[in-house]
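Computed from the coordinates by the stated procedures, all read-outs in this text should not be read as laboratory data. Computed from a predicted model, the values in this text were never measured in an experiment. Here the Cβ positions follow ideal geometry from the backbone for every residue, glycine too, while neighbour counts run over all protein chains shown.
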Amino acid sequence: MTTNSKADSPPNRLALETSPYLRQHAHNPVDWYPWGEEAFGKAERERKPVFLSIGYSSCHWCHVMERESFESGEIARLLNERFVSVKVDREERPDVDDVYMTAVQLTSGRGGWPLSAFLLPDGRPFFAGTYFPPDDRHGRAGFRTLLLRIDEAWRSRPGEVAAAAARLAEEIARSQDLAGGREAAPLSRETLPLLEAALASAHDRRLGGFGGAPKFPPHLALAWLLGRGLEGDGAALEMAAGTLEAMALGGLQDHLAGGFHRYSTDAEWLLPHFEKMLSDNVQLLGVYARAFAATGRDLFRRTATGIGDYLLREMRGPEGGFFSATDADSEGEEGKYFLWTADEIRGLLGRTDGDFFCEWYGVRKEGNFKEEASGRRTGANILFLSNDPPAAVEARLSPLRARLLEARGRRIPPSLDDKRVAGWNALAVSGFAIAGKALGETRYLDTARETARFLLETARDGEGRLLRSWKEGGGKIPAFLEDEAYLANALLDLSESVPGAEAEIWLAEAEEAVGSLRRRFRRPEGPGFTLSGEGHERLLSKSRDFFDKATPSASGSAALAVARLARKRGDPALAREAREAVEEVSWLMTRSPHGTESWFFVLEELLELERRNENGKGRRPGVSSNETDSGRRDESASAEGVLTVSFSSRHRAKRGTVLSVPLTFTVRDGWHLQGGDALRIEVRGGDPDLSLEKAPRPRPNRAVSDGETDLPAFIGTFEADLSFSVAASAASGPRAVSVAVRYVACGEGICHPETVLSLSVPLLVV
């Protein structure tokens, strides 16, 4: 097999892309195209099949296939002469990945990356798989043989190829309608224990986790069990705590820098695949912080702060967004950056400290690390703990870890994927908000605020839409459902983690986000949501994401955001929409509880809302259930039910400008307010960055008679504007303006004493 080094090949079209994964292939001899009309137009004109390769930057087997096949001159010539080759970053295009991963699963019964599919020029797949070695091995066709066979079929049996594509496209479309023709399962409080029972059945009581090798961090399962544990369920708490302890002590955790690798290849949580994903770590940050709150165990606090500090130190851009991932490989070898020999450690720490460290972290002379493929010991060690060290031992180990981390920093590190994925950054907002509150870490709350502002203000296109990914000052792909759903939940998490008036600001932003996802992704023909929506190209089918994987189900997360907002606002229309969405997948919940955790959270939220409604606490006083045309809802307050004052839920104030806030006043039927000076609107507090331009003086809109004279009054609805000057030097961030409305209300034959209605108007200075 002939090979080319990357340096031998001139750059191809992928050199012009911003995706780090695509750029990794920019010097392959393969004539790669990015996904788009240019590639499929060429295939149509030249009557060639499309070879589609999907992966991501930290994927180990993607790198292996690149080295073995895509850097091979011989294989590149086959691809360039007989196919049109397209590369896709699955993290940028989850819609494309979902469609063709469905094809892989339908074809082979399994999935994974790199994804390798062969398509007609119209995009319909006729064959799909994952990793292929370059040459025939163990009776299995290698990639070179596969290319020759597909080319032969394309040329000599086009009818068979077209028929296979038609069948597969039909099966893909059918697979997206999981609920088609199925009756909804009954949903009630009796449904909730099904999830814990399924987790208990799959629980590895000796080693932690659920099921055998490989073991992935079960983020949502752990969050569910911790929730039950906080309600007094000892068995649930034991399952969660045991798994979290095993993960924290094992090789899955990076014991020097903090944070977790992607997954464990064995059942013991010892031997990981070494890539580190933002999406995993920000979810685990919140889970470990909640575990500390539930148990008080210092191991969980140390693990949570280890994750948070690692993310802030190594994974954050200057604008406040977080990078996507770091690679498993360095210098062409998986895990090389993270592994140690016993001699290295003793040489750095000295004999006494080295022996002490090696004893605690399982370091052996012969090594404890095995190659995944061969099972061969390499003489290297992955650091792990057999037991949680006592406080005195931990105090001695901590500076030794710092010395090894400093030494490791002089090695060649794994590559960094520095694009900022919107949905994963939204998960970061949730993780840091939850951890900030649970651990009492102000800096984590500040991080959540800053990352939320990055998503709300920076990671946007020219039309103000959230971008899927942001890099080098911009992006070109609108956000998908998971991005907007995760953002809505993140803003709700942030509103529940900060005090007072600031909470209302983030709640207003959450309302805006829920309105956006409902406008862009709600299905017009039925309940629920689709993965892609307004602003996205039409693919073979509109994907629907029902199951939780490494990240929560996008559809489940969207329904959860709607349900949470319904509970906070007491909104029956939103609650009904969320219930219809969860009822559609109810049969999946009863059949596969572990894998549909997101939907159990939705059901729990709706049941809590029903309970509150039954107790007469379903709606906050004065909150209107009417929606504006834009999908926003009004924030309202009332005094004794006579007067309601409403204002838009969201106000952005630019520095150096005048901001006008329209207020709408509504007087209860059968009542009126006295006119003249009897109605006064005052601004309280002394924020030096905000100054009142003029005190609003609404004009009476009616006259009432006292039997002798017609007197000015306010009846029904009337309006007034608050106008503020925002100082040019004002610091950006959330503010709240306190407003007092003094009025005299008359009705039922009497005029009541003056009443004061207090309002808090949330602002965001940008």
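Taking Lys694 as the anchor, which lysines have their alpha carbon closer than 30 Å to its alpha carbon, excluding any fewer than eight residues away along the same chain? Excluding near neighbours in sequence, the set is Lys654.
Rounded to the nearest 20, the size of the Cβ-charge dipole of the chain about its Cα centre is 800 debye, with Lys and Arg at +1 and Asp and Glu at -1.
Taking the longest Cα principal axis of the chain as reference, the axis of helix 143-156 is set at about 80 degrees. A cut-off of 5 Å between modelled amide H atoms, ignoring neighbours fewer than 5 places along the same chain, links Ala325 with Leu278, Asp417. Between helix 351-360 and the chain there is an angle of about 70 degrees, using the helix long axis and the longest principal axis of the Cα atoms. Please work out the FRET efficiency for the pair Glu152 and Glu37, using the Cβ-Cβ distance as r and a Förster radius of 30 Å; give the result to the nearest 0.05. Plugging the Cβ-Cβ distance into 1/(1 + (r/R0)^6) gives 0.60. The gain in end-to-end length when the Thr458 to Ala728 segment is fully stretched comes to 95.2 nm, 0.36 nm per residue minus the alpha carbon separation. Here is the link list: Lys419/Lys568; Lys276/Lys336; Lys48/Lys542; Lys471/Lys568; Lys215/Lys437; Lys336/Lys476. Which ones come out longer than 24 Å on Cα distance? Cα-Cα > 24 Å for Lys419/Lys568; Lys48/Lys542; Lys471/Lys568; Lys215/Lys437; Lys336/Lys476; rest within.
Lacking any other cysteine beta-carbon closer than 4.7 Å, the following Cys residues of the chain have no compatible partner: Cys358.
Computed from Cα positions, the angle between helix 572-584 and the longest principal axis of the chain comes to roughly 20 degrees. Annotation: extensible slack from Leu607 through Glu231 equals 133.8 nm (criterion: 0.36 nm per residue apart, minus Cα-Cα distance).
Ordering 722-731, 338-347 by mean Cβ neighbour count within 10 Å, with the highest value first, yields 338-347, 722-731. Setting aside same-chain residues fewer than 8 positions from Lys365, which aspartates and glutamates have a Cα under 15 Å from its Cα? Within the straight-line cut-off, Lys365 pairs with Asp343, Glu344, Asp355. Distance between the pseudo-spin-label points of Arg668 and Ser738 (7 Å out from Cα toward the beta carbon): 2.6 nm.
Relative contact order for the chain: 9 percent, from Cα pairs under 8 Å spaced at least 6 residues apart, divided by residue count. Among the trypsin sites (Lys or Arg not before Pro) found in the range 400-493, those both in a DSSP coil and sparsely packed, with 12 or fewer other Cβ atoms within 10 Å of their Cβ, are Arg410, Arg411, Lys476. One Cα centroid belongs to the range 581-597, the other to the range 202-261; the line between them spans 22 Å. Within the set (1) 166; (2) 177; (3) 193, the number that volume of the Cα convex hull per residue in Å³ takes when calculated for this structure is listed as (3). Per-residue Karplus couplings for the range 674-683, computed as 6.51 cos²θ - 1.76 cosθ + 1.60 with θ equal to phi - 60°, are listed in order as 5, x, x, 6, 5, 10, 10, 10, 10, 9 Hz, Gly and Pro entered as x.
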